[in-house]
1. Taking the Cα centre of the stretch 25-87 as origin, work out the dipole magnitude from +1 charges on Lys and Arg Cβ and -1 charges on Asp and Glu Cβ, in debye rounded to 20.
2. Using amide H atoms built in the peptide plane, which far-off residues or other-chain residues are under 5 Å from S40 H to H?
3. So between K50 and K64, what do we pick up on full extension, going 0.36 nm a residue minus the alpha carbon distance?
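Derivation of every value follows stated rules applied to the coordinates shown; laboratory data play no part. Small disclaimer: the values here were computed from a predicted structure and weren't measured. When we count neighbours, we look across all protein chains shown, and the Cβ atoms used for this are built from the backbone with ideal geometry, even at glycine.
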Amino acid sequence: MKKLAMTLLCVFCLTVAGAPAAMAQDVKQEKCPVMGYKPSAKLYTDYKGKRIYFCCATCPETFKKDPEKYMKKIESEHITLEDAPTN
């Protein structure tokens with residue numbers, strides 16, 4: 001019984017220890033970095049080779065006033081932005 005309890009405790013500890021790494025995975029952009037709502041494929045701006053999508057027409061202009069603020073937010077949320085097309 002003691003051996004079973006120790007085994008279960010070890011499994012639990014290993015599972016909990018691995019949880020932060022699983023949670024830190026990059027995710028696709030699913031919300032506007034300015035307002036937090038669902039972005040539209042028609043509203044975007046390209047910044048430093050990445051395409052950022054927005055929820056409404058005023059958000060791209062807000063983003064352009066302080067893009068690094070929003071890029072830091074995107075990075076802190078582990079959001080993967082798609083590459084901007086190159087022509």
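1. Dipole size: approximately 160 debye.
2. F54, C55
3. 3.7 nm
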